[in-house]
Structures are given as structure tokens and as C-alpha cells.
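The values are calculated or read from the model by the stated rules, or taken from the named source; none is laboratory data. The structure displayed is predicted, hence computed values, not measured ones. No Cβ is skipped: glycine too gets one built from the backbone with ideal geometry, and neighbour counts run over all protein chains shown. These accessible areas exclude ligands, DNA and RNA; they are computed on the full protein's heavy atoms, side chains included. Shrake-Rupley method; radii C 1.70, N 1.55, O 1.52, S 1.80 Å.
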Amino acid sequence: TVRILNAAALTRKAAKAELPPLLARAVRYIGEHLREPVSVETLASGLAVSRTTLGGLFRKHFAASPRDYWNARRMELADYQLRHSQLSVKEISWLLGYASQFHFTAAFTRRTGRSPSAMRREVRNQNP
């Protein structure tokens, strides 16, 4: 089952909350490396904690795993770019580190229920 997370809500929560320093560092790292595939093992190792500890912090504060949080942040950036930039869907997929436009489109459609192109058309039709 694919769990759909509200990426904007997660980001607002991260920005407003008094996060434990370890979690704040993890969130900052993810934000700075959205384009790169971030494994939980690499993230935990870089923070000198176990995967279990890191996962527990994310679940406690965001009700999401580190991987789900990372994917939600990528989708948040994709949504912003589709609404506010002239970048093509292919360029956005590259910006976010997807292997191909196909993979990005599939991930975006799974999470939002519509393709990136359909979402962009809707936005443009609402704001002619």
C-alpha cells in the first residue's frame, strides 16, 4: 500500500517544531540532498545513530519513515516547480534525481492521482 503524505504539512511541521537536534540535522541533510538517493543506512551512519533510532525519530515527529519523508519532500518540490516554473516535466524529473521522466511521472501520479502534465494544465487553466 502506498501511503500518501501531505508534503507541505510535513515541511511546515519541520519548520515550526522544536525538533531534536539529531532530527533537525537529518531533515536539513535531506533538504540539501533531494536530488540524490538517500538511503536510511547512509543517513543514519552520517549522523552516527542506528537506522532504528533514526526511523523512530521520524515516526514520532512526522508519522513517516525517513524514506517517506524524503519522497514527500521531493513531491513537494515537484508540485512547486510544476505550478511556478517553466521547466519541462523532463527537467523537473532530472532536478529531483529521477532515473527518467517515466519514473518521475509514475511516482507523481501514484502520490497525487494525476500526471504532472495534467496537474500543470489544471493550474494554468485556473490562472489564465
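Could you figure out which of (1) assigned to a loop (DSSP other than H, G, I, E, B); (2) touching a helix residue (DSSP H, G or I) at 6+ places or on another chain (Cβ under 7 Å) isn't true of P37?
Every condition holds for P37 apart from (2).
Tell me, please, whether a residue that is within 15 Å of the chain's Cα centre (by Cα) and not in a helix (DSSP H, G or I) can be found in the range 51-64.
yes
Hey, among A72, A107, A78, A64, which residue is touching a residue at least 40 places away in the same chain (Cβ under 8 Å), in contact with a Phe, Trp or Tyr (Cβ under 8 Å, 6 or more places away or on another chain) and either open to solvent by 20 Å² or more (accessible area, probe 1.4 Å) or small (G, A, S) (or both)?
So the residue among A72, A107, A78, A64 that is touching a residue at least 40 places away in the same chain (Cβ under 8 Å), in contact with a Phe, Trp or Tyr (Cβ under 8 Å, 6 or more places away or on another chain) and either open to solvent by 20 Å² or more (accessible area, probe 1.4 Å) or small (G, A, S) (or both) is A64.
Criterion first (surrounded by fewer than 19 Cβ atoms within 10 Å (Cβ to Cβ), over 13 Å from the mean Cα position of the chain (by Cα) and not in a helix (DSSP H, G or I)) does A99 satisfy it?
So A99 passes the test.
L54 versus (1) open to solvent by 70 Å² or more (accessible area, probe 1.4 Å); (2) farther than 22 Å from F102 by Cβ: which is the lone unmet condition?
(1)
In the range 113-128, is there at least one residue being over 14 Å from the mean Cα position of the chain (by Cα), at pLDDT below 90, hydrophobic (A, V, I, L, M, F, W, C) and open to solvent by less than 20 Å² (accessible area, probe 1.4 Å)?
Yes, there is a match, as at least one residue in the range 113-128 is over 14 Å from the mean Cα position of the chain (by Cα), at pLDDT below 90, hydrophobic (A, V, I, L, M, F, W, C) and open to solvent by less than 20 Å² (accessible area, probe 1.4 Å).
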